[in-house]
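Structure first, commentary second.
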Amino acid sequence: MEPLQDKIRVGVITGFLGAGKTTLLNNLIREYPGKRFAIIENEFGEIGLDSELVLNVDNSNICELANGCICCTLNDDLAGLVKDLLHTGTPFDYLLVETTGIADPSSVVQPFFSDPDIRSSFTMDSVICLVDAIHFKHYVKQQEEVHRQVAMADLVLLNKAEDVDEKSLSGTRKVLQTMNPHAEIIQTDHADIRNQRLLDRHAYRRDRVGSFTLDPETFFRAGYHQQGQGGHLLVRDPRPDHSISSFSFQFPGDFDIERFSYWIEYFLYINQASIFRIKGILSFAGNPQKMILQTVRSSYLLEDWEFWEVGEERVNRLIFIGKEIPYSDIREALESLMC
């Protein structure tokens with residue numbers, strides 16, 4: 001089991017063009033003066049950090065800021081850049097990554113799951129998605145990237161709220177809740193995050209994922225419930241106002257770990273364009289511990305968690321977020337993987 005306390009935490013800031021990502025980035029730097037940040041900013045030099053923070057910006061990819069943090073621009077090799085940051089000689093304890101407005105944030109998160117060298121030094125903290133309250137209803141109908149950004153988020157900031165009437169805000173919140181029923185939504189103006197906790201949320205840590213998955217309310221946030229065959233629970237959101245849905249499955253018993261590992265690897269490979277995230281607690285035959293499953297694109301992590309208590313029913317719980325999820329096929333496949 002990898003130690004967590006010595007790893008550098010990573011926060012990803014995403015959101016469509018003009019949502020306020022760079023404003024949020026600047027506000028985070030100010031609101032957390034005790035953090036030693038490293039910052040990867042896609043649009044550095046175009047929108048960029050506030051001028052008083054910038055120091056000795058030249059043609060090199062990594063520069064030092066006036067507050068002692070370091071900043072760099074994202075090139076095509078994110079994994080290589082992250083590793084380079086460790087060898088700058090400037091210590092840091094938190095990495096912030098700001099994506100471009102048209103980026104799929106899963107491509108940023110994936111190296112922190114799939115690259116063993118990166119995983120040994122970094123741990124994902126959370127994905128923060130900014131939503132433009134003024135233009136969201138238009139963007140969500142036109143831009144696929146908006147769907148992926150919201151689906152990947154652990155925290156959604158509904159920004160520019162002061163410029164939208166309460167009825168429109170309420171409607172946008174409902175759409176966001178159906179797109180990602182498991183993300184917290186906070187209204188903001190000018191990405192003002194005073195008195196809000198945005199960092200150190202531990203959304204990707206196995207204890208947080210485990211507690212989240214065990215929460216009975218998790219299975220009742222999508223709004224529609226159906227008792228399936230074999231005693232498992234299927235949850236779906238039937239409202240057709242967007243293309244993203246959330247499904248939850250619950251199976252008593254044990255999976256065969258070899259067959260499950262083969263299946264999840266194949267399933268993610270062929271469905272990586274439509275399955276955005278999977279979280280779960282799993283029971284494997286012969287393993288006295290619960291295992292936490294997390295996936296991003298075609299990558300997945302299985303980590304030991306708490307021990308099953310004596311007499312505790314071993315129940316598997318899985319949550320899928322994506323578009324056009326083949327829930328019947330998934331249910332049948334999971335049933336076939338049981339011992």
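The values are calculated or read from the model by the stated rules, or taken from the named source; none is laboratory data. Since we're looking at a predicted model, the values are computed, not measured. As a convention, Cβ positions derive from the backbone with ideal geometry for all residues, glycine included, and neighbour counts pool all protein chains shown.
Here are the numbers for this structure:
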{"item": "Any hit, the range 164-183, residues being assigned to a strand (DSSP E or B) and under 14 Å from the mean Cα position of the chain (by Cα)", "result": "no"}
{"item": "Residue within the range 144-157 that is among the hydrophobic types (A, V, I, L, M, F, W, C), in contact with an Asp or Glu (Cβ under 6 Å, 6 or more places away or on another chain), free of Cβ contacts under 8 Å to residues at least 60 places away in the same chain and in a strand (DSSP E or B) present", "result": "yes"}
{"item": "Subset tally (residues that are surrounded by fewer than 20 Cβ atoms within 10 Å (Cβ to Cβ) and out of contact with any Gly (no Cβ under 8 Å at 6 or more places or on another chain)) for the range 86-102", "result": "9"}
{"item": "Yes/no for Ser107 being assigned to a helix (DSSP H, G or I) and either under 21 Å from Asp6 (Cα atoms) or small (Gly, Ala, Ser) (or both)", "result": "yes"}
{"item": "Answer from Ala19, Ala38 - the residue that is surrounded by 20 or more Cβ atoms within 10 Å (Cβ to Cβ), touching a strand residue (DSSP E or B) at 6+ places or on another chain (Cβ under 6 Å), modelled with pLDDT of 70 or more and in a strand (DSSP E or B)", "result": "Ala38"}
{"item": "Considering residues of the range 103-113 that are within 14 Å of Asp77 (Cβ to Cβ) and polar (S, T, N, Q) only, the residue surrounded by the fewest Cβ atoms within 10 Å (Cβ to Cβ)", "result": "Ser107"}
{"item": "Selected residue [modelled with pLDDT of 90 or more and within 24 Å of Glu312 (Cβ to Cβ)] from Phe251, Phe212, Phe255", "result": "Phe255"}
{"item": "Failed item in (1) at pLDDT 90 or above; (2) acidic (Asp, Glu); (3) closer than 18 Å to Ser248 by Cα, with Glu306 passing the rest", "result": "(3)"}
{"item": "Ala285, sole failed condition from (1) without any contact (Cβ under 8 Å) to a residue 40 or more places away in the chain; (2) in contact with a Cys (Cβ under 7 Å, 6 or more places away or on another chain)", "result": "(1)"}
{"item": "Sole exception among (1) touching a Phe, Trp or Tyr at 6+ places or on another chain (Cβ under 7 Å); (2) modelled with pLDDT of 90 or more; (3) not charged (D, E, K, R) for Gln143, by number", "result": "(2)"}
{"item": "Residues (at pLDDT 80 or above and exposed (fewer than 13 other Cβ atoms within 10 Å of the Cβ)) located in the range 66-79", "result": "Asp77"}
{"item": "Count of residues meeting criterion [under 16 Å from Leu158 (Cβ atoms), within 15 Å of the chain's Cα centre (by Cα) and in contact (Cβ under 8 Å) with a residue 60 or more places away in the chain] in the range 184-211", "result": "1"}
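Conditions tested, residue by residue: (1) closer than 15 Å to Lys323 by Cα; (2) in contact with a helix residue (DSSP H, G or I) (Cβ under 7 Å, 6 or more places away or on another chain); (3) not assigned by TED's automatic domain parsing to the domain that holds Thr100.
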| residue | (1), (2), (3) |
| --- | --- |
| Lys137 | no, yes, no |
| Lys141 | yes, no, no |
| Val146 | yes, yes, no |
| Asp163 | no, no, no |
| Ser170 | no, no, no |
| Val175 | yes, yes, no |
| Thr178 | yes, no, no |
